[in-house]
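The values are calculated or read from the model by the stated rules, or taken from the named source; none is laboratory data. Note that the structure is a prediction, hence the values are computed from the model and not measured. In this analysis, Cβ positions are derived from the backbone assuming ideal geometry, glycine residues included, and neighbour counts consider all displayed protein chains. The area values use the complete protein model at the heavy-atom level, side chains included, leaving out ligands, DNA and RNA. Shrake-Rupley method; radii C 1.70, N 1.55, O 1.52, S 1.80 Å.
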Amino acid sequence: MNGTGNIVALRPFPDAARLELNDQQLRTNLRRATHTIRDKRLRVVGEVDDWEALRRAGAAIKDDVLARLPELLERFEESATRAGAVVHWARDAAEACEIVTRLVTGTAAREVVKVKSMATQEIGLNEALEAAGIEATETDLAELIVQLADDTPSHILVPAIHYNRSQIRDIFRSRMPGVTDGLTDDPPALAEAARRHLRAKFLSATVGISGANFAIAETGTLVVVESEGNGRMCLTLPETLISVVGIEKILPTFSELEVFLQLLPRSSTGERMNPYTSMWTGVTPGDGPRTTHIVLVDNGRTATLADEIGRQALRCIRCSACLNVCPVYERVGGHAYGSVYPGPIGAILSPQLTSSGANSTLPYASSLCGACFDACPVRINIPEVLVHLRQKGVDAKRGKPSAERAAFVSLSWIMRDRRRYAAALRAARRGSAPLRGRGRLRRLPWPASAWTDSRDVPLPPKQTFREWWAKR
Amino acid sequence: MRIALFITCVNDLMYPDTGRAVVSVLERLGHTVDFPEAQTCCGQMHANSGYRAEAMPMVRGFVDTFRGYDAVVAPSGSCVAMVRDSYPRLALGDPDLESGVAEVAPRTYEFAELLVDVLGVTDVGAVFPHTVTYHPTCHGLRMLRLGDKPLTLLRAVGGLELRPLASAEECCGFGGTFALKNAGVSAAMLADKCGAVDATGAEYVVAADNSCLTHIGGGLSRRAASTAKPIHYAEILASTGSAS
Ligand code: SF4
């Protein structure tokens, strides 16, 4: 079953990217932010002697989980249920939204507080709740900024990465109740304004909605890792807690968690340890929420699991390290990817979850430079998957006429045979001879114009290598 | 030792000087090189663009041509990465090809690897009295882990002054068909790379791959303020006097 929700791009990547490229401010903001996190990450990763071994361990644990996912999910459901949680299963975004909305409506609550959850972004939960007359407040600072601005996240970890301080001040001034024109763009002042705004919400909301970074099958425990402390509030104050969790978040036991609590903070925020790690198991009488629900979401994950090469994308722990080192992401930002999962991981995850439409341009949104693979704490070979997905796309269109295919086919026919190949080289050399006086070409007809729009083309010299070799 | 030369399609047509430079350095060091004329192209562009079926005849051709040599050397990091990193994957399921790849791929070297790792040379006796800045290409850097092997060779060149390149490890934006399919993003990446090259004030920008150099050079020649010329480091290593 294909995934639905906010993972389906509305327009092809090159078109969306073209729009974002015009925004000089965006590029400046992104460059500054990604380079800062990138350098921090390199420093703290460099401190760990066995980082490579940890990465391999992380990858191996995730692969093992993926290999026996159904069994582990059942065990998780059993343990969580035994601990007093109610477990729900959702096949796609619509089903997941429907379940959560029903649960919230059932409590008669009209407002909910949320702690960052990619999964709820993925399924479009805020929109669904709004349609049901329920106000959802994001409590992560960056999420809140994006929500107030009526925007969508642009980064996995820092959804408001595309704004600078003064832009954030302007958003607060115009959208946050009670904020005056006197608010400065001083970070502590901005944080204080947000804190005051959120405090009121935390105290009045009776329903909290969260995601989870990890779900422990053995005990039914959910784990949330964060740095602002808002998670603590969302997870403990409300009477009802609903957690929306992708089915790939499972870990067999607590002992595997240790590896990821080392890999995740260093890769994502460049911290040795994240400030807050919250874990909860079902309900505890007299402490925390009285009712806990867990919605396990598939939304295209099972389909992704079926692809032997592509399934490694499900190892992802959403650290965002690949975004911060990606030269393409740095130029266009998250919105160009048309999905809540941007950057290199988005380029391989979104098309697999949805297998449709404009998402098919995402595997080409990369120069295959490999920086993402090097940065990924669970060793997802993103370039390998990108090429694999390109190939799947090409194979799916076999038999349909295409100028590109025709070019590749005839090029392959020439290049597989030395005589044809040598003749082609000779012809190319001779054909360009009349132009040689000019040295370089500045304009070529379509499709090569895509090249000459910003680059000159050198001309072949008088002799090919093999002609020289034959004569020497 | 039987050394075979693999001259990639880009080098054969566009940059024969780079191939000649490899021959001249190796011969100067007392080695004979063989250029098996049955060779064509490694198939990288086809495979990376998703045309696996169309790439396979080239993969087979490469393996058949170069089986039996002690070492295969190519002046292109990305083509060597294709052979060493992608061929084993592409060959999966075809036992004959798998064994051929297992034989050939580990013995296929980028030029600096052959010189430093296999032949144990870091000073090839070159002289090149110019300022240069070095761009480590992505495939050389992250797939072959060339590290500073090309730099070690350059540092031994007489008269050469090496200038550090800011954000050197960032992709120049070429990426084969990426430069066409996402031309705008590619151009934005190129602009930053060209800016960094300009800032060094070097006379030459050097790399281990002529395709990246075509891209960077094509960008530089559009910028009025740019003066750096692209050159493959093999050509510097071949030089024994002042270059043109
Ligand atoms: S793909 Fe790897 S680097 Fe990127 S977000 Fe996922 S875990 Fe992090």
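Classify chain A: rounded, prolate or oblate, from the alpha-carbon gyration tensor (a ≥ b ≥ c, eigenvalue square roots; a/c under 1.5 rounded; otherwise prolate if a/b is larger than b/c)? Could you put the intermediate results ahead of the total?
Numbers: a/c = 2.21, a/b = 1.75, b/c = 1.26.
Since a/c reaches 1.5 and a/b is larger than b/c, the shape of chain A is classed as prolate.
Selection among B:200, B:68, B:125 by position relative to the dipole of chain B gives B:200 as farthest towards the positive end (Cβ unit charges, Cα centre). Which of the listed residues, B:231, B:185, B:106, is farthest toward the dipole's positive end in region B:105-244, when Lys, Arg count +1 and Asp, Glu count -1 at the beta-carbon? Positive-end residue among those listed: B:185. Placing +1 on the Cβ of every Lys and Arg and -1 on the Cβ of every Asp and Glu, with nothing else charged, gives region B:121-207 a dipole about its Cα centre of roughly 280 debye. Inter-part distance, region A:393-449 to region A:144-180, computed on C-alpha centroids, equals 49 Å. Mean partner shielding of peptide A:369-382, defined as the number of other chain Cβ atoms within 10 Å of each residue Cβ, is 3. When +1 charges are put on Lys and Arg Cβ atoms and -1 charges on Asp and Glu Cβ atoms, the dipole computed for region A:312-454 relative to its Cα centre reaches about 1020 debye.
Only helices enter the 222 nm calculation for chain B: every DSSP H run of n ≥ 4 contributes -39,500 (n - 2.57), and dividing by all residues gives -12000 deg cm²/dmol, rounded to 500. How much of the calculated P(r) for region A:176-264 lies past 15 Å, in percent of all Cα pairs? That fraction is 68 percent. Inter-chain neighbour count for B:166-178: the average number of beta-carbon atoms from partner chains within 10 Å of each residue's beta-carbon is 4.
Can you order the peptides B:154-164, A:411-421 by their average number of other Cβ atoms within 10 Å per residue, highest first? Before the final figure, lay out the partial values.
On the way: B:154-164: 15.5, A:411-421: 17.0.
Packing proxy ranking, top to bottom: A:411-421, B:154-164.
Each principal axis of the Cα cloud of region B:122-188 was taken in turn, and the coordinate range along them, longest first, works out to 42, 24, 18 Å.
For residue A:89, the shell of other residues with beta-carbons less than 9 Å away shows a net charge of -2, using +1 for Lys and Arg and -1 for Asp and Glu. Each part reduced to its alpha carbon centroid, region B:108-141 and region A:239-302 end up 49 Å apart. With K and R counted +1 and D and E -1, the other residues having a Cβ less than 10 Å from that of residue B:65 yield a net charge of +1. With viscosity 0.692 mPa s and temperature 37 °C, the Kirkwood radius over alpha carbon pairs of region B:176-230 converts through Stokes-Einstein to a diffusion coefficient of 290 µm²/s.
Add +1 for every Lys or Arg and -1 for every Asp or Glu among the other residues with Cβ under 11 Å from the Cβ of residue A:160, and state the total. Each step should come with its number before you reach the end.
On the way: positive: A:165; negative: A:138, A:140, A:143, A:151.
Summing Lys and Arg as +1 and Asp and Glu as -1 gives -3.
Ranked by the mean number of other Cβ atoms within 10 Å per residue, highest first, peptides A:73-81, B:103-111 order as B:103-111, A:73-81. Once the dipole of chain A is set up with Lys and Arg at +1 and Asp and Glu at -1 on Cβ about the Cα centre, which of A:370, A:413, A:465 lies farthest towards its positive end? Farthest towards the positive pole: A:465.
Seen from all directions on average, region B:1-97 presents a Cα convex hull projection of 6.3 nm². Label-to-label distance, residue B:102 versus residue A:417, with points set 7 angstrom from Cα along the beta-carbon direction: 3.3 nm.
Taking 51 Å as R0, compute the FRET efficiency from the Cβ-Cβ separation of residue A:86 and residue A:273 and round it to 0.05. Show your work: numbers first, answer last.
Details: r = 32 Å, r/R0 = 0.63.
The calculated FRET efficiency here is 0.95.
Counting only aspartates and glutamates at least 8 places from residue B:193 when in the same chain, those with an alpha carbon closer than 16 Å to its own are A:330, A:456, B:169, B:170, B:203, B:209. Counting, for every residue in B:52-59, the Cβ atoms of other protein chains within 10 Å of its Cβ and taking the mean gives 5.
Our summary of shape: the Cα atoms of region B:139-240 have principal axis extents of 40, 33, 22 Å, ordered from largest down, in whole angstrom.
Under the simplified labelling scheme, the residue A:453-residue A:150 pair shows an inter-label distance of 3.1 nm, with each label point 7 Å from Cα along Cα→Cβ.
Would you mind calculating the gained length between residue A:52 and residue A:23 on full extension (0.36 nm times residue separation, minus the Cα-Cα distance), in nm to one decimal? Show your work: numbers first, answer last.
Working: separation 29, 0.36 × 29 = 10.44 nm, distance 3.77 nm.
Separation in residues times 0.36 nm, less the Cα-Cα distance, equals 6.7 nm.
Residues whose amide H lies under 5 Å from that of residue A:300, counting only those 5 or more places away or on a different chain, are A:3; hydrogens are built 1.01 Å from N in the peptide plane. Run a plain Debye calculation on region A:202-356 (Cα atoms as equal point scatterers, no solvent) and give log10 I(q)/I(0) at q = 0.12, 0.19, 0.20, 0.21 Å⁻¹, rounded to two decimals, same order as the q list. Rounded to two decimals, the profile gives -0.59, -1.31, -1.37, -1.41.
Helix-only arithmetic for chain A: the sum of -39500 (n - 2.57) across DSSP H runs with n ≥ 4, divided by the residue total, places the mean residue ellipticity at 222 nm at -15000 deg cm²/dmol.
Hey, any idea what % of chain A's accessible area is carbon plus sulfur with a 1.4 Å probe? Numbers along the way, then the final one.
Values: 10690 of 19840 Å².
Summing carbon and sulfur atoms, their accessible area is 54 percent of the total for chain A.
With the cut-off at under 17 Å, measuring from each backbone N in region A:160-175 to a point 7 Å along the Cα-to-Cβ line of residue A:35 picks out A:162-165. Here the dipole of the protein assembly as shown is about 2480 debye; that uses its Cα centre as origin and unit charges on the Cβ of Lys and Arg (positive) and Asp and Glu (negative). With 10 Å bins beginning at zero, the pair-distance distribution over Cα atoms of chain B amounts to 8, 32, 36, 20, 4, 0 %.
Cα gyration tensor of region A:383-431, axes a ≥ b ≥ c as square roots of the eigenvalues: rounded (a/c below 1.5), prolate (a/b > b/c) or oblate?
Values: a/c = 2.94, a/b = 2.06, b/c = 1.43.
Prolate, since a/c reaches 1.5 and a/b exceeds b/c.
Taken as Cα centroids, region A:338-374 and region B:60-96 sit 28 Å apart, rounded to the nearest whole angstrom.
Listed highest first by mean packing, meaning other Cβ atoms within 10 Å per residue, what order do B:65-72, A:227-234 come in?
Working: B:65-72: 17.9, A:227-234: 20.4.
Answer by packing, highest mean first, reads A:227-234, B:65-72.
Cross-link reach is defined here as a Cα-Cα straight distance under 28 Å, omitting same-chain residues fewer than 8 places apart; for residue A:62 the lysines meeting it are A:40, A:114, A:116, A:249, A:392.
Listed as lacking a disulfide-compatible partner in chain A: A:97, A:234, A:316, A:319, A:326, A:376, by the criterion of no other cysteine Cβ under 4.7 Å.
Assuming a ≥ b ≥ c are the square roots of the Cα gyration tensor eigenvalues, decide whether region A:343-472 counts as rounded (a/c under 1.5), prolate (otherwise, with a/b larger than b/c) or oblate. The shape class here is prolate.
Computed over region A:59-159, the convex hull of the alpha-carbon atoms projects to a mean area of 8.1 nm².
What share of the DSSP beta bridges in chain A is antiparallel, in percent to the nearest 5?
Values: 12 of 38 bridges.
Taking every DSSP beta bridge within chain A, about 30 percent pair in antiparallel fashion.
Amide H contacts of residue A:295 (H built 1.01 Å from N, in plane; Pro and chain starts excluded): A:88, A:243, A:244, A:245 sit under 5 Å, all sequence-distant by 5 or more or on other chains.
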